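Okay, so here's the structure we're looking at.
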Amino acid sequence: MEHSNKKAMQRAVKLVHLDLKGAPPRISYFAQVFPLFSQLGASGLLVEYEDMFPYEGRLQVLRAKHAYSKAEIGELLELAKANELEVIPLVQTFGHMEFVLKHKEFCSLREVATLPNALNPHKDEAMKLVQEMIDQMLALHPAARWLHIGADEVYCLGEGEESKVWLSHSQNHLSKLLLSHLAKVAKHVITTHPHVRPLIWDDMLRTMEVNFLAESGLGQIVDPMIWYYVSDLDVKETVHLIEKYQQCGFSRLWIASSYKGSTGANQCVTPIAHHLDNHRQWLQVVQALPEGFVELQGIALTGWQRYDHFSVLCELLPIAIPSLAVCLQTVQHGEFTEEAEAAVRRVLGISDMEIDKCVREDLGTFPGCDIAKLVTQVSAYLKVTVDNFLEGNRFIVGWFSQYHRKHKFVNPLLVQHFEPEAHELLAKWNSVAEELKEALARIYYPDAVEEWMEEHVNPSLGRIRDLVHDIAEAKGDQA
C-alpha cells in the first residue's frame, strides 16, 4: 500500500504557489526561476494574482499600481509552458475579498458593511461580480484545466443584516448559506467553461455534517484542496478528514503544504526545518490512505506573501527558494534523502544545506541569492547591533540620553567614546541598505522595495542616523 501511494504522490501534480498579493516579482524574475522549479520537481504553478491581474472595464479599479499587463500574463504563461509547468489560476470568490471590497465601487457588496473581507452571498450583484472576475481570468488562461475559486476563511459569514434575517428561518443555517454560494460559483465555471474543474480550499467544510455535505452534491462539481501548514500535522485526524470527504462524494482531492509564509506574519527568514517536517507529515498522510481510496490529483506547495491583503510581508520569494527546493525534492523522493539533498545542492549551488539553521552562511548561487544573503544579514544583525550599541554603550546611556539630545547638551570629552563607532555603524549599514535596495529593485517594483525597507531596515538605520545628527548638533551648540 505504501509503495503504491508513494507512486501516487510522484504522479501527482506538484504546484508551486505564487502569492502575488505582496511583493509580486517582475516577469523577468520568473524567467530565471521557472527553470529552477522544473529542475527541482515542480510540474505546475498555482498563481494567486489578486490585484496584479489586469482586470478590465468596471473591474479595472481592482488593479494594483504595477499590475501585470495582458502581454505580461501571456509571457508568464509562455515561460511556464516552456518549462513544462501547468498554470492553475486562483481567484477569490467569497472570503479574502479585501482587494475588491475595499473599493467604494464595491463596498455595498460586503457581508458586513464595515468589513471588507467577505462577500454578501444574498446579492445578485455580488454573484455577477464574481462571474465577471472568473470570466476575465479564464479568458487570459484558455488552456487552464482547473480554476481555484478560493473560499477559505470566510470570516463574519452570517453576521450581515441580510444573513441574520435569512438565518432566522428555521430551515436555514450557515452551512447551507456557504454551500449555496459555492455551488453557484462552481456551476458558473463548469457551465461557461466546461473544460475547467473548480478547486476550493477545504477549511470551511471541515466541521460540516457528513450527510448534509453529501446531500449538497458539491463533491460532483468541485475538488477540495486540504491545507495544513504545521510541522506537527496530526496524521490520523487528517486521514479521517479525507475519509469524511470521500463519504461526502469527493472522489478527487488535492492537498496543500507550505514552503514559506506560514510561521509568522512578519517572518523574514524561512525556517526550512519547519517546512520540511510539514511535508514529511503530509507524506505520512498519503501513505496511510487505503489504496485506491481517493484520487490524489496534486499537491500545492504554498508560499504566502501576506496573511491577507492588509498584513505585512512574509519572507520574500528568493530567501525561501532553498526551502522550496528541499520540500519539492522531499515530495519527489518520498523523504529528504541523500539523493534529494545532493540535487538541491547542485541546482542551487549550495555546499552545505544547514537545514536546522534559519541563519545560514552558504546561500548558494541561484537567481536572487544576493537578496537572500542581504536579507539574512539585515534580519540577523541590524536591529540587534543597533540596539546593543544604543542601549549597551555606557557613555550613550550615561552622557547622551534622550534628555541630553533634546537639549543639545553633551560632554565633549566623553563623546569620543561613542561618536566614532556611531559613524562606523552608520556607514556599514548604509552600504548594506543601498546594496539591498539595488538588489530588490532588480526583481521587485518600487512599492515592494519601499515597503520592505520601511519595515525591516529604516527603523534601526534611522536610530543611528538620528544619533549621528544629534551628536553633530550638540557639539555645534557647544563649539
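The values are calculated or read from the model by the stated rules, or taken from the named source; none is laboratory data. In this text the structure is predicted, and so the values were computed from the model without any measurement. Note that each Cβ is placed from the backbone with ideal geometry, even for glycine, and that neighbours are counted across all protein chains shown. Note: accessible area is taken over every heavy atom of the protein model, side chains too, but ligands, DNA and RNA are not part of it. Shrake-Rupley method; radii C 1.70, N 1.55, O 1.52, S 1.80 Å.
Here are the numbers:
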{"read-out": "Matching residues, segment 88-105, being touching a residue at least 24 places away in the same chain (Cβ under 8 Å) and either open to solvent by 20 Å² or more (accessible area, probe 1.4 Å) or part of a loop (DSSP other than H, G, I, E, B) (or both)", "value": "91, 92, 93, 94, 95, 96, 102, 103, 105"}
{"read-out": "Inter-residue pairs, beta-carbon under 6 Å, first touching a residue at least 24 places away in the same chain (Cβ under 8 Å) and in segment 215-233, second small (Gly, Ala, Ser) and open to solvent by 20 Å² or more (accessible area, probe 1.4 Å), 6+ apart", "value": "219/249; 229/262"}
{"read-out": "Positions within segment 366-385 being of a type in the set (A, V, I, L, M), crowded, with 21+ Cβ neighbours inside 10 Å and touching a residue at least 60 places away in the same chain (Cβ under 8 Å), in sequence order", "value": "371, 374, 375, 378, 382"}
{"read-out": "Meets criteria (surrounded by fewer than 19 Cβ atoms within 10 Å (Cβ to Cβ) and in contact with a Lys or Arg (Cβ under 9 Å, 6 or more places away or on another chain)) for residue 222", "value": "no"}
{"read-out": "Complete set of residues in segment 442-479 that are open to solvent by less than 50 Å² (accessible area, probe 1.4 Å) and aliphatic (A, V, I, L, M)", "value": "443, 448, 449, 453, 457, 461, 464, 467, 468, 471, 474"}
{"read-out": "Which listed residue is touching a Gly at 6+ places or on another chain (Cβ under 6 Å) and of a type outside the set (D, E, K, R), from 130, 154", "value": "154"}
{"read-out": "Verdict on residue 288 being modelled with pLDDT under 95 and aliphatic (A, V, I, L, M)", "value": "yes"}
{"read-out": "Residue satisfying all of: in segment 256-275; closer than 30 Å to residue 145 by Cβ and in contact with a helix residue (DSSP H, G or I) (Cβ under 6 Å, 6 or more places away or on another chain); surrounded by the most Cβ atoms within 10 Å (Cβ to Cβ) among these", "value": "260"}
{"read-out": "Subset of segment 248-267 (residues that are on the phi < 0 side of the Ramachandran plot and either assigned to a loop (DSSP other than H, G, I, E, B) or of a type in the set (Gly, Ala, Ser) (or both))", "value": "248, 250, 251, 256, 257, 258, 262, 263, 265, 266, 267"}
{"read-out": "Segment 198-209: number of residues that are closer than 19 Å to residue 237 by Cα, surrounded by 13 or more Cβ atoms within 10 Å (Cβ to Cβ) and β-branched (Val, Ile, Thr)", "value": "0"}
{"read-out": "Count of segment 4-47 residues which are basic (Lys, Arg) and surrounded by fewer than 21 Cβ atoms within 10 Å (Cβ to Cβ)", "value": "4"}
{"read-out": "Failed item in (1) among the polar types (S, T, N, Q); (2) part of a helix (DSSP H, G or I); (3) surrounded by 16 or more Cβ atoms within 10 Å (Cβ to Cβ), with residue 284 passing the rest", "value": "(3)"}
{"read-out": "Conditions (1) closer than 21 Å to residue 152 by Cα; (2) of a type outside the set (Gly, Ala, Ser); (3) open to solvent by less than 10 Å² (accessible area, probe 1.4 Å); number of the one not met by residue 122", "value": "(3)"}
{"read-out": "Out of 133, 137, sole residue that is open to solvent by less than 70 Å² (accessible area, probe 1.4 Å), touching a Pro at 6+ places or on another chain (Cβ under 8 Å) and either free of Cβ contacts under 8 Å to residues at least 40 places away in the same chain or more than 25 Å from residue 244 (Cβ to Cβ) (or both)", "value": "137"}
{"read-out": "Filter result for residue 50 (in contact (Cβ under 8 Å) with a residue 24 or more places away in the chain and open to solvent by 40 Å² or more (accessible area, probe 1.4 Å))", "value": "no"}
{"read-out": "Filter result (of a type in the set (Gly, Ala, Ser) and within 30 Å of residue 317 (Cα to Cα)) within segment 365-401", "value": "368, 372, 379, 380"}
{"read-out": "Residue within segment 186-193 that is open to solvent by 10 Å² or more (accessible area, probe 1.4 Å), out of contact with any Gly (no Cβ under 7 Å at 6 or more places or on another chain), within 19 Å of residue 155 (Cα to Cα) and charged (D, E, K, R) present", "value": "no"}
{"read-out": "Verdict on residue 278 being assigned to a helix (DSSP H, G or I) and on the phi < 0 side of the Ramachandran plot", "value": "yes"}
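A quick yes/no check of all residues on (1) in a helix (DSSP H, G or I); (2) at pLDDT 95 or above; (3) open to solvent by less than 10 Å² (accessible area, probe 1.4 Å):
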{"position": "324", "(1), (2), (3)": "yes, yes, yes"}
{"position": "327", "(1), (2), (3)": "yes, yes, yes"}
{"position": "346", "(1), (2), (3)": "yes, yes, no"}
{"position": "357", "(1), (2), (3)": "no, no, no"}
{"position": "364", "(1), (2), (3)": "no, no, yes"}
